[in-house]
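The values are calculated or read from the model by the stated rules, or taken from the named source; none is laboratory data. Everything quoted here is computed from the prediction, not taken from an experiment. Don't worry about glycine lacking a Cβ; one is built from the backbone with ideal geometry, like all the others, and counts go over all protein chains shown. Note: areas computed on protein heavy atoms with side chains; ligands, DNA, RNA excluded. Shrake-Rupley method; radii C 1.70, N 1.55, O 1.52, S 1.80 Å.
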Amino acid sequence: MREMTRVGGESILGEIKLEKSWLEQLAPEFDKPYMQSLKQYLRAEKQAGKVIYPPSPEIFAAFNNTPFDKVKVVILGQDPYHGPRQANGLSFSVAPGVPIPPSLRNIYKELERDLGIPYASHGSLKKWADQGILLLNAVLTVQQATAGAHQGRGWEQFTDAAIAALNEKRENITFLLWGAYAQKKGSFIDQKRHLVLRSVHPSPLSAHRGFIGCGHFSKTNKFLKKTNQSAIDWAVGDPA
């Protein structure tokens with residue numbers, strides 16, 4: 001069972017717990033001015049009646065599902081989904097029973113093309129997170145029906161700190177950077193220590209300009225085996 005630690009004092013949107021190994025890396029961030037400003041902003045938005053996704057206990061789900069020392073792969077997203085019931089704290093993932101979003105449908109298409117894995121019936125990627133895939137959005141919250149509403153408020157600095165910790169203190173992680181935003185955010189990753197795979201974003205606007213056919217899933221497993229790590233079972237399995 002993963003050990004969770006409360007993030008000091010009053011939390012951002014109710015009680016927040018962070019997995020212990022990640023808190024060891026990120027604890028200083030919670031005392032910095034940008035995080036204090038972010039907390040105040042989110043509380044004010046909530047008090048003003050704004051609906052914020054994901055639900056408070058799931059804001060740090062990417063970290064809580066994939067401890068720091070277990071990360072083998074990082075998939076960088078941008079914002080949480082902003083529709084009802086969609087965001088669950090894991091990039092590109094939605095809970096079972098929620099319609100599969102277009103970008104995730106294209107991820108499944110490439111999985112089928114690359115590895116012959118049948119198209120999944122649900123959108124939960126929790127099985128990936130449990131195997132060491134950090135499904136990290138650059139921004140961890142969003143306002144309902146307002147894409148990008150919480151960009152530039154501080155989350156980017158927090159997630160940069162998480163990526164920097166992995167870059168500097170771990171080795172042989174595979175970073176999957178899909179789209180210009182993810183590629184810019186991951187531009188400082190040391191490619192002598194890690195594998196960086198880039199493609200266009202899997203959204204319907206760009207997927208057929210290079211994401212379909214990129215082979216990132218088989219390339220990731222090849223690298224994992226080469227570096228004496230266990231391969232990922234990319235099949236998402238039955239709904240969790």
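Skipping prolines and chain starts, which residues have an amide H placed within reach, meaning under 5 Å, of the one on N137, given they are 5 or more residues away or on another chain?
Hits under the 5 Å cutoff: G77, S91.
What pairs in K46/K70; K126/K184; K39/K219; K126/K222; K127/K169; K17/K192 have C-alpha atoms more than 30 Å from each other?
From K46/K70; K126/K184; K39/K219; K126/K222; K127/K169; K17/K192, over 30 Å: K46/K70; K39/K219; K17/K192.
Over the chain, what portion of Cα pair distances is larger than 26 Å, expressed as a whole percent?
35
Mind checking the range 53-126 for trypsin sites (Lys or Arg not before Pro) that DSSP puts in a loop (not H, G, I, E or B) and that have at most 15 other Cβ atoms within 10 Å?
Sites meeting the loop and neighbour criteria: R85.
Only residues of the range 197-218 count here: report those whose backbone N is under 12 Å from the spot 7 Å along Cα→Cβ of A180, or say none.
Counting only backbone N, you get 201.
For V74, which sequence-distant residues (separation of 5 or more, or a different chain) have an amide H within less than 5 Å of its own amide H, given hydrogens modelled in the peptide plane?
So V74 has HN proximity to L134, T174, F175, L176.
How long are the semi-axes of the equivalent ellipsoid of the range 86-181, taking √(5λ) for every eigenvalue λ of the Cα gyration tensor, in whole Å from largest down?
Its equivalent ellipsoid spans semi-axes of 24, 20, 12 Å.
Compare E110, E45, E24 by solvent-accessible area with a 1.4 Å probe and give them largest first, with all protein chains kept in place.
Listed by decreasing accessible area, they come as E24, E45, E110.
Normalised by the number of residues in the range 41-127, what is the relative contact order in percent for Cα pairs under 8 Å and 6+ residues apart?
24
Grab the DSSP H runs of the chain that are 4 residues or longer, score each as -39,500 (n - 2.57), total them, divide by all residues and round the 222 nm result to the nearest 500 deg cm²/dmol.
Helices in the chain give a 222 nm mean residue ellipticity of -9500 deg cm²/dmol.
Can you run phi through the Karplus equation (6.51, -1.76, 1.60; θ = phi - 60°) for the range 181-188 and list ³J(HN,Hα) in whole Hz, with x for Gly and Pro?
5, 5, 5, 5, 5, x, 5, 8
Over the chain, what is the mean sequence separation of C-alpha contacts under 8 Å (at least six apart), divided by residue count, expressed as relative contact order in percent?
It comes to 21 percent, rounded to a whole number.
To the nearest 20 debye, what charge dipole does the chain have about its Cα centre, counting +1 at the Cβ of each Lys and Arg and -1 at the Cβ of each Asp and Glu?
Once rounded to the nearest 20, the dipole reads 460 debye.
Report, in debye and to the nearest 20, how large the dipole of the range 88-137 comes out about its Cα centre when Lys and Arg carry +1 and Asp and Glu carry -1 on their Cβ.
80
If I compute solvent accessible area with a 1.4 Å probe over the protein chains, what percent of it on the range 98-186 is carbon and sulfur?
48
Which ³J(HN,Hα) values, rounded to whole Hz and listed in residue order, are derived for the range 72-78 from phi using the Karplus coefficients 6.51, -1.76 and 1.60 in 6.51 cos²θ - 1.76 cosθ + 1.60 with θ = phi - 60°, glycine and proline given as x?
10, 9, 10, 10, 8, x, 10
Counting only heavy atoms of protein chains, what accessible area per residue, in Å², does the range 117-216 have with a probe of 1.4 Å?
With the other protein chains kept in place, the range 117-216 gives 41 Å² per residue.
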